[in-house]
Every structure is written in C-alpha cells, then in structure tokens.
Amino acid sequence: MWVYLNKKVSIPNGLKLNHISWNGYHGWIACGGENGLLKVLKLETKADINQRGVTAPTSLEFNQTLAGHSGKESKDQLPSNVMRVSWNEENEKLTSSDASGLIIVWNYNKQKKEWEEEMLNNREKSVVKDLKWSSDGQKICIVYDDGAVIVGGVDGNRNWGKSLKTQLVNVEWSPDARYLLFGTGNGEVWLFDANSGIKLVNMNPQSNNILAGVDWYDGREGYPDLNAPTLAICYRNGRCQLMRGDLDDDPVLIDAGMLINEPKWNPSGTVLALAGQQDLDGKPMGIIQFYSPYGKHLKTLKVPGNGVKSVTWEGSGLRLALGVDANIFFANVRPSYRWGYFSKTVVYAFTKLERPEQCVVFYNHKTRQKYVKYIKKLLALSACGENCVLLTKTETPKEAFVIIICNSIGSPVETKSQSVEPKFVTMTKYHVIVCSDCNVYVWNYRAKQNTQGNILNIKGESEQYLMHIDQNKFKKIEDETKLELTTTEDAICAVFSNEKFLIIARESGTVNIYSLLPTLAYLGSCSVMCRPLQIAINCDCTKLSLIDINSTFTVYSLSSVVAAQQMVQSEKKKKKGNIMADKTDLEKKDVWDMRWADDNPSLFAIMEKTKMYTFRDLTPEEPVVTSAYMCAFNNLKIKSVFMDDIMANPDNPDSDCAITYESRSLRDTKEIIRSVSLRDANEFVKDNPHPRLWRLLAEAAMSELELDMAYKAYIQCGDYHGVYFVKQIKQLDNEAKQKAEIEAYFHRLDEAEKIYRSIDRKDLAIDLRKRYGDWKKVLSLVREMNGSDEMLIDVFNHLGDFYSERQQWERSIQFYVKARNFEKLIEAYYRIGDFESLERMVDDLPENNPLLHPIGEKLASVGLSTQAIQALVKGGKIKQAIDVCVELNQWDEAVTLAEKHNMSEIEDILYKYANHLVSRGDMTAAIELYQKANRNTESAKILAKLGEEEGKMKLHPLRAKKFYVLSALEIDRYRARLLNDQATRMNPNKALQTMLSHDASTNFENPWRGAEAYHFFLLAQKQLTEFKLSDCLNTTMRLVSSYEEYFVPKELYSLLALAGFYAREFKVCSKAFIKLESMDALSEHDKEKYEQLAIDIFRDSPVNSTDLETKPCPTCSNETFDYEQSCASCNAPFYTCIVSGRNIGDQDFWTCSTCKHRAVEHEIYKYRHCPLCHTNITEGSSSELF
C-alpha cells in the first residue's frame, strides 16, 4: 500500500484537536478539541469519467460548529475541552463528551439540515475517558476516570452500571456486542460480559504500561483470512499485541518505536494505523505507522506538527483524517489490491461477508461478461499474456502452496504444488516466479514454440527450478521438493520479471539480475543506495527503476546486462557481479506505481500522488490527473483500471472501469495531422520515431491518397500487410475505387458504400459488404437492386449462419426457412428443442430423403424413440432404426422391424433383448427370445436355474422336473442343429470336439440329470403311496447314491428311513437314522427327536435283516444291486427303467424317441406318454408336453 498527504483543513482560532471520527456510512466527520470545540464536517466530491475516487476535486459541503460544550448555554458554565466523539453509524447519531463529564447525543435534522441536541447526561463526578457504540448501534458504553461504567441503549435508557474501583482509560466492544473490553490505568485489559456486567478474565495482568487504545475490527466487510488477528491492544511506548480473539495465547507482537496516541483498523480489517509522534533530531514529528494483521510493516507516513493526536478512516478505506494540533490533514491511501489484467479481462479478489473463501472475479470489460469462483486461502494473484495465476495454501497437515493457472473465464488450465511461501509473485507469458524471503521458485509452465528463424532453443516440457538467494544457482526439481535452507541475512524485498529477465532486489540494496529466456541463469548484480519496495526494468534491460520505502522514485542506467546474457547463451565463462548501475538525475517523491513501455526502452510512466507522468528519455510530459492503476503500456497508450471503483462494488463492476491514456507524442501527432500538412507531420514523426506514430501517419496518408508516403510509413512501422495493401491500391484505375477500398480497409464501410453508390456501382458495394460479412447490408442492397432468387437465397443462408454462430437460433430459423435450407433447419430446431417442427419435417420430406437420417439421430438423442424410428424407417435406414430401438430399450419394436424387413442380424437383436429381459427379471419372455435367437444354451441355463430355484422351494417338485426337462430339450436342440450344420457334416470329428467343449464349458455333459433326479423323487413318493414298498426303497436308494446333490440331505434320508421302515429293511432304516443324527445342520432338539424315534422303532424290530436283493451283471456276472448305475467290477453301465426305477438288465425295453431313456416293455405298455419327458408314445413326437 501507499499513502500520502493530500489536503489540510485548519481549525479557526488555533484550537487544538483532541479526537476525530469519520462516519463510514454517511461521510460525516466529527472533531472535538479545546474550549468546547465540536465541529461536524462533510466533504463533497465532484467526480467525472477521468477524475474519480481520491482524484476527484473535493470541497467542504457541510461545516457546522456545535455549541453544546462551549458554555454558551449558561452564564455560569465555562467551555470544557471535548475529549471524545463517537458515531452511531446505524442510527446516524453523534455522541460527544468533554472534560467536565458532560455527554451529549446529537441527531441530524434533515429538514433543517443541521445537527441538534437530542439527549444530555452530566455525571459531574468524574471525567469521561472513553465512550463507544456497539457495531449494531443498539448500545453505548461510557467509562469514567474513577472506574464508573455505564451501559445504555439507543433510546437513552440505562441497561446497567457499576464501579470497577480502578482508573479506566479505554473501552471497546466485541464484534458481536457480547463482550466489553476495559483498559485500566495500569495497562491491564479486562474482559466483561456485556449483558450482565460480570468480569470474565484479565487478559494481560501486571502490564504496568500505559494504554494508548484498544481497537477490535467489527468484521463488517468480512474476513480476508479467518486466522488473521482482529483485536489490537496498543501501549503508549509503541508496543502492540494483535490477537485473534480474547483467548488468543499466541498474539502477534509489534514494537513500532514511537509514542502511540491511537490505533485504528481500516474498514476491511487488513491495515492497522498507529497514530502518534516520534522524536527526530530532538523535535517531535507526527507519524503514522501502518501494519498488516500479521505485524508486517507496510508504510510510514510523516505528518507536519507536534504529533498525530487522533486518526480515523473513511468508509471506503481510501482516505484518512488526522487530527494534528489545530489542523485536520487528509491522506490518500492506495491499497495493494489483489488484481491483474490480461486478455481484456480484469481479475480481482475480495472478501464477502457471508463466505469464508475469497471471491475471485474475472470481468471482461469489453463484453461485460463476468465469471466468479471462490478460492480458499488465496495468498497472491498475478496476470500476464493470456493467463493469470492464483496461489493458495493447502489444508493438509503437510504445508504446501498450490499454483493455479487460469484462463480469462476462470477455468483452471494447469496446477502445481510447491513449498516456497509466496510473499512475492510475478508472471510472464512463459514463467511463474514465486519468492519467499530467501527462496526463488520458477515454473516454466509454457514452453516457447520454436518457429522458423527463431534462434531460441526452448524445451517443450514444463520444468520447475529452485534457488536460494544466497547461492544464485537454479536447480531443476520435481513437485513439492523439500527446501534445504529457509533463512537468509539479506531477505528479498522486491521482484520483477518480463519475458526475458528476472530482477530480484534485497533489503541491503543488492539487485540480482537473471535471464529467463533462452536459458535460466544468473547474469550478475548491482547495488542501489536504498531499500527497494518496487522494482522494474525496461524492455531491453538498459534502465532500472525503483520505488523505495519512502516512496522515492529513481532510475539507474545498467551496463553489460545484454552482453552477459549473450555470454551465458554462448556458454562462455563470465565473472559475475560486474553489472554497473549508474544513478540518473531523475528523482520523484510520493510515487506509488510505475510502468515501462513494452515496445520502447525509453518510455515509462509513473503515478505521483494523483498524477500520471509519462517520460521519454527521462523527460516528463504533461501529467494526467487520475487514480487508476496502470496495467499495460504499449503503442504510446497506457491502459489503466479504476480499481477503487471496482472494489467499491465488486459484485457489479462498471464497463468503464478500464481507461486508455495517450502519450503526448501520440496526441501531438494526431493534432499535427489534423491541423497541419502531412509533410510537417512526416518530419515530426521522423524526429519522434515510434511504430505507432508511423502507423498513424500511414493511415492519414492513405486517406489523402498519398500512397508513396503511406508505403514508406508502413515500412517504417513494420506493417507488411499495409505495404501489400498499398501495392494493391496502386493497381486500381479509378480514384473513387481507391478511396472506397481505403475506407473499407480502415473499417469505415458506410463511407466506402457511399463512394460506390456515387459512381453507380452497387455491385461493388455488395461485394464489399460480403467481404466483411455485413450480410444485413447485403440483403438491403440486393433487394434495392432487385437481385435474383439465387442471390437472395445465398444472403438468407449467410444471415442464418451469422445468427447461428452467435447461438441466436430463433432468428437463424427465420432465414433458413426463407432459404429452404432444411439441413441447417434441422440443427436449429434441435438446438432450441423444437422437436415438433422436426416431426413435421419427417412428414413433409419424401421417402429415402437423406435428411431423414440426421433427423432420426437427433430425435433419438433426446429419447423420442417412436418419432426417431419413423424417420429412420422412412429414410430407408432400417439397421439404424433397429439400433435406436435397442439403445432406447424398445425391444418389441426392434424385433418387429427385424422380422418385417428380414434382417440377418435378428438373432443378435433377439439375444440382446433377451439379456435385457433377464436383467429385468422377465425370465419367461427371455427364454422365448433366446429360443427365437437360436441361443439354446442360454435358455437352457435359465430353465435349469428355474428348476433349481423351484426345487429349493419344496412346493412343486413336478414343476422343477418340467424346468429341467425343458432345459435338457434345449441342449438337445442345440446338438441337433450342430449335427445338421453342413460344415460339421463334412467334418464329424470337429462336430464332436465342438460338442464336448461346449458341454465342458456349460456343465451340460448330462442335461437330463436334473430331470431324472426329480422324476425318481416323484416316482418314489408314488410307489410309497401305492404300497410298492420294495420298489420305493430301490428308487430311494438310487436317489441317495446318484442324485444326492439335488435335494436337502435331511429330506432325502428321511424318505430313505421311511421307505426302509415300511419295507421292513431295518438295516437301511438304521443307516438312514445314523446319517440324520450326525447332521451338523440339525438343532439339538431335532437330534433328540430322531434318537427317541429310533429307539421306539428298533426296540421291537431286528436290525440284522437280510440285505437287499441283487442281480448278476450281464457282462461279468458280478452281483449288483438294482439301484446301481454301473457295475462296480467292470464299470459296465446299466440302463434304468423310467417306469419302475429298477435296472433293465437283459429284459426287452422301449426307448423314447425324444429323451432316449428306456423302459421295460411290460411296464410301459399302459402309458401313452413317456414318463420322463412326456412325449406322446403313439406318435413319437414331442409336440404334447405336460
């Protein structure tokens, strides 16, 4: 920040001031002093487009002397010194107190336009030492010298009062008005509850220092940093402690080295002003020290007089009022905003009261577009070229700082995390430089592209470098490299960079110079006789300018920098440190900003107080009065931004926030061209050469058809497009045509059209308008000259394109309709969501029209399946229509279309549809579709799964059997189709191999096994109910030995025990009970029941019954049981009768044509259907199932 004295108002009769206060809401200034002096002033600001903010002329709009303390009300009353004045900003009231204890509350009468007494209070026992209103304006606290405290309301009623039995000197409210701070005569600060008056804590006991004041920022403009101190407790000896609250045990400590009279936070809580005095050469001098909330010294302002008695801030924070002896001094403040300018965009950060983050706004002042983003813990901001950089601090335990590069709409382009604390940040088109007190981090975020003839050799990848300022050697690093050294005896105090050079100034006055392009290297250093606060160099690094801590601007001439850079580039060794800096005679005081021209090493501009000076070769031009912040200087124009106006209303920046100032040479050249001959202007530009002046001369010469002069001027400014244009103009045979083309070249199209009209060449006017894309004018001209339909259609199409490129689709539709450009109409209707118009186009267009395809695709993209299918079918795109059906889950329609149009992909469609039905749980429909799609294996899997689930339910075993039968039939169909395939007929081995691999991968080696299990289970139940006990036992033994995995063991062995019991085969029954009693899944209660039942059964029944009946094996004559599937000796398979459940042996049998299972002839004769698969026996077909 910078601050300087601007205005002085003297108090009549030389009465000295004791206190001064500025009403931040309404602009009133109240000051109290000797002999009852109490004045209320108000400044009037007369702003215009150029002079606004602190530069606008000010005058005293209001000046009233209030006589309440002067003793004129009574003959016996003597004037008393007014000691304190305090504003109630919420209710626009003024409270004043004097040395006699008189307190007056003043109210502004808007009708009379003057201040009047509203209430009086005179305790007459002690002197009022301090009084303060709460931030909400509802309560006031008054403290007296004898320790008395009174807290009252805005209505004049007393809330509470007490005597603290000690001398009081200060009072302050907490921001939320819940607490009161009382400063005592011995320097202690007591915290009290504001509602009850109960003492809570002594914040700094045994201080023994005299308090100068206590000021607590009320948070009315938000908190830029939630961790920043807001409570300032200051002592007369110059020492202060800045606290984050009343319980802060680690405050920030300051020793200002001065006698403090009053501390005061600015309205945003970012700057603390300490007003007082300092002895210089034995004489007292008024002084104000400015500090950040973290104790960093920002600025020192010296004030004439014997000391600053009181200080107060204006509501905007841009001005201060100082009470010095019998004078009021006004000082202007130039805050150090967080802002930048790039690509016609102003980027700035501010704090919102309702949000903890920093609000960063990207505002394009040309298009008036605004983009907002919120950043936590924003530390710094800078901008250059086409990007800006934001630096934030991470919230992780490991401290790191994040660099975010954004474009002009606030979108992050790239980020990096690094460890250097960003106390200084600067940016170029290719580099980001971050500096702490001792470390320098350089990120080459964008490589400079090599072009033909470019001698620079820049690597294409992003690189990072780190350097300690004492070592002057950059090291290439990776992300978040740990810092080796974090201290130095000579800290960095200023940093500057341009595209080629990096300048770093240190507190001792040493200035280090580094090259950025083509290589990052240390070039040398020089010394200056001051401590720089801001530093800069010109574009060729021959001049160095700086502003020191006293706001003094100086310029130095540099030598050997370019030579050093060339030697580094050629990799020659060079002795470092021999750069000479010769101080020039130019010196300016009270300078707060400076800017070198980007394209001329002899041009620079400075801001001195409220004036902008432009210098050429150290010679100043006439100043311009402005308060704008400079952001660019090129082409003899200075681009500036009124940041004060933007920050006054940051949510709604004005479009005129940016302004361009012309240098004197540019203004003089324009005036000479306008008022004198081109020859004189040519001579003037020769004496003051600059590309911008040559271009200005060329434009004027072109307008006067001085083509030779224009040709030379374009060559001087390097505008080869202009040179080529002059050559083209010379080839025209008509002077009117030349003038018209020149007017068009300078974008004065109306003038060019008038010239063509004057020579009756509307056709050339039309061509001109077409070249510049002014199709509205083309349409007017074509209609005026009755152009052909083809010309009108072309114009309509271009007008439609004009509006569509600007996203104005409704207006583009109007012209596309006139041009009958259906292809563009489709896109326009789609953009605005007019799908009804697209449907009407489907009806209007003939069949197989190529436009039906894009219409269908656009309708499908928004889910209008029916309309999309209709369009695609009408356009002959059946395949695409089916794809839309599949994509939008219109499976029925997809199948219908595929069948109707005999699509070869119907099986794939059906398969996809079936998968969809399975995912939805519609198994029956899925099976049918799998069958239609010839995906028998998939349908078999589902049927087998359904059979398994039905079996687990234990309700309908017959239904489980049916599912397994259907599953097996599907596998048989697959095998039959495979064997009937022509390719497999030619190669039976291949068919067999395919079948075996299929069975292995799908676990369908015996697809009838599940059907057999439930068939025999049902058969055993039937045999039991028909008292075929031997057959029932045999069938149950077959289930236990071969199909146990399909049933719950408890049920299966229960059936076996029951069959053995009724068949009187107690040995089998006993084994079944043993199996049941040993099951882990049974509860102890069930096991006890089985044990008791076994005791009851076998108490009277012998267990040593005969074994089951056996038969000899037909192959090896080995004895086998009737339920075994194969011979235990020779492994010969046995065929089972599906009617009786016994092995067939050598009996005559019948084979089912469908399931290929067998039955003994004398058993099957009474059946009309196969007992297993229910195929009709008489017809031998499988058409009648179940």
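Residue by residue, here is whether (1) surrounded by 22 or more Cβ atoms within 10 Å (Cβ to Cβ); (2) over 20 Å from S551 (Cβ atoms); (3) not aromatic (F, W, Y) holds:
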position	(1), (2), (3)
N578	no, yes, yes
K588	no, no, yes
T610	no, no, yes
F633	yes, yes, no
D645	no, yes, yes
P653	yes, yes, yes
E662	no, yes, yes
D668	no, yes, yes
Picked from segment 460-498 (must be of a type in the set (G, A, S) and over 16 Å from Y522 (Cα atoms)), the residue modelled with the lowest pLDDT is G460
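Would you confirm whether any residue within segment 685-702 is more than 25 Å from N634 (Cα to Cα) and surrounded by 15 or more Cβ atoms within 10 Å (Cβ to Cβ)?
Filtering segment 685-702 for residues more than 25 Å from N634 (Cα to Cα) gives none.
Checked segment 685-702: no residue is more than 25 Å from N634 (Cα to Cα) and surrounded by 15 or more Cβ atoms within 10 Å (Cβ to Cβ).
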Tell me which residues, restricted to segment 547-562, are in contact with a Ser or Thr (Cβ under 9 Å, 6 or more places away or on another chain) and either over 14 Å from M594 (Cα atoms) or of a type outside the set (A, V, I, L, M, F, W, C) (or both).
-> D548, I549, N550, T554, Y556, S557, L558, S559, V561, V562
In this structure, does L852 turn out to be over 30 Å from G773 (Cβ atoms), surrounded by fewer than 19 Cβ atoms within 10 Å (Cβ to Cβ) and among the aliphatic types (A, V, I, L, M)?
-> no
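Take L322 and decide whether it is part of a strand (DSSP E or B), among the aliphatic types (A, V, I, L, M) and surrounded by fewer than 22 Cβ atoms within 10 Å (Cβ to Cβ). Lay out the reasoning, then the answer.
On the way: part of a strand (DSSP E or B): yes; among the aliphatic types (A, V, I, L, M): yes; surrounded by fewer than 22 Cβ atoms within 10 Å (Cβ to Cβ): no.
No.
Rundown of residues vs (1) part of a loop (DSSP other than H, G, I, E, B); (2) among the aromatic types (F, W, Y); (3) farther than 18 Å from I20 by Cα, yes/no style:
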residue: I254; (1), (2), (3): no, no, yes
residue: G257; (1), (2), (3): yes, no, yes
residue: L274; (1), (2), (3): no, no, no
residue: Q278; (1), (2), (3): no, no, yes
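In segment 804-880, which helices (runs of 4 or more DSSP H) lie fully inside it and hold 3 or more residues that are of a type in the set (F, W, Y)?
809-819, 822-832
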Sole exception among (1) loosely packed, with under 15 Cβ neighbours inside 10 Å; (2) more than 25 Å from F815 (Cβ to Cβ); (3) touching a residue at least 12 places away in the same chain (Cβ under 8 Å) for K754, by number = (3)
Go through segment 325-373 and give me each residue that's over 20 Å from D654 (Cβ atoms), under 19 Å from the mean Cα position of the chain (by Cα) and either part of a strand (DSSP E or B) or modelled with pLDDT of 95 or more (or both).
-> T351, Q358, K373
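Identify all residues within segment 280-307 that are touching a strand residue (DSSP E or B) at 6+ places or on another chain (Cβ under 8 Å), hydrophobic (A, V, I, L, M, F, W, C) and either over 16 Å from A232 (Cβ atoms) or not in a strand (DSSP E or B) (or both); write none if there are none. Reasoning before the result, please.
Our first condition is that a residue be touching a strand residue (DSSP E or B) at 6+ places or on another chain (Cβ under 8 Å); within segment 280-307, this holds for 284-295, 297-307.
Next, only the ones that are hydrophobic (A, V, I, L, M, F, W, C) stay: 285, 287-288, 290, 298, 301, 303.
Passing the criteria: M285, I287, L301, V303.
Tell me yes or no: at least one residue of segment 1071-1093 is polar (S, T, N, Q) and touching a Phe, Trp or Tyr at 6+ places or on another chain (Cβ under 7 Å).
No, every residue in segment 1071-1093 fails to be polar (S, T, N, Q) and touching a Phe, Trp or Tyr at 6+ places or on another chain (Cβ under 7 Å).
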Return the residue satisfying two criteria in turn: it lies in segment 932-979 and is among the aromatic types (F, W, Y) and within 59 Å of the chain's Cα centre (by Cα), and of such residues it is surrounded by the most Cβ atoms within 10 Å (Cβ to Cβ).
-> F963
Which listed residue is among the aliphatic types (A, V, I, L, M) and over 20 Å from D593 (Cα atoms), from L301, L318, L378 | L378
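Looking at segment 198-220, is at least one residue in a strand (DSSP E or B), among the small types (G, A, S) and free of Cβ contacts under 8 Å to residues at least 40 places away in the same chain? Before you say what the answer is, go through the steps one by one.
Step one: list which residues in segment 198-220 are in a strand (DSSP E or B), which gives 199-202, 211-216.
Now narrow it down to the ones that are among the small types (G, A, S): 212-213.
Remaining after also requiring free of Cβ contacts under 8 Å to residues at least 40 places away in the same chain: none.
So far as segment 198-220 goes, no, none of its residues is in a strand (DSSP E or B), among the small types (G, A, S) and free of Cβ contacts under 8 Å to residues at least 40 places away in the same chain.
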Could you tell me which residue of segment 175-214 is surrounded by the most Cβ atoms within 10 Å (Cβ to Cβ), considering only residues that are in contact with a Gly (Cβ under 7 Å, 6 or more places away or on another chain) and either among the polar types (S, T, N, Q) or more than 20 Å from L272 (Cβ to Cβ) (or both)?
-> S207
Select from segment 409-435 the residues that are among the polar types (S, T, N, Q), in a loop (DSSP other than H, G, I, E, B) and surrounded by fewer than 21 Cβ atoms within 10 Å (Cβ to Cβ) and list them in ascending order.
-> S411, S419
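Of G787, G800, G773, which residue is over 43 Å from the mean Cα position of the chain (by Cα) and closer than 22 Å to K824 by Cβ?
Working: G800 fails: over 43 Å from the mean Cα position of the chain (by Cα); G773 fails: over 43 Å from the mean Cα position of the chain (by Cα).
That would be G787, the only listed residue that is over 43 Å from the mean Cα position of the chain (by Cα) and closer than 22 Å to K824 by Cβ.
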Matching residues in segment 214-246 - criterion: being over 16 Å from E172 (Cβ atoms) and among the aliphatic types (A, V, I, L, M) = L226, A228
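The values are calculated or read from the model by the stated rules, or taken from the named source; none is laboratory data. Computed from a predicted model, the values in this text were never measured in an experiment. Please note: Cβ atoms are built from the backbone with ideal geometry, for glycine as well, and neighbour counts cover all protein chains shown.
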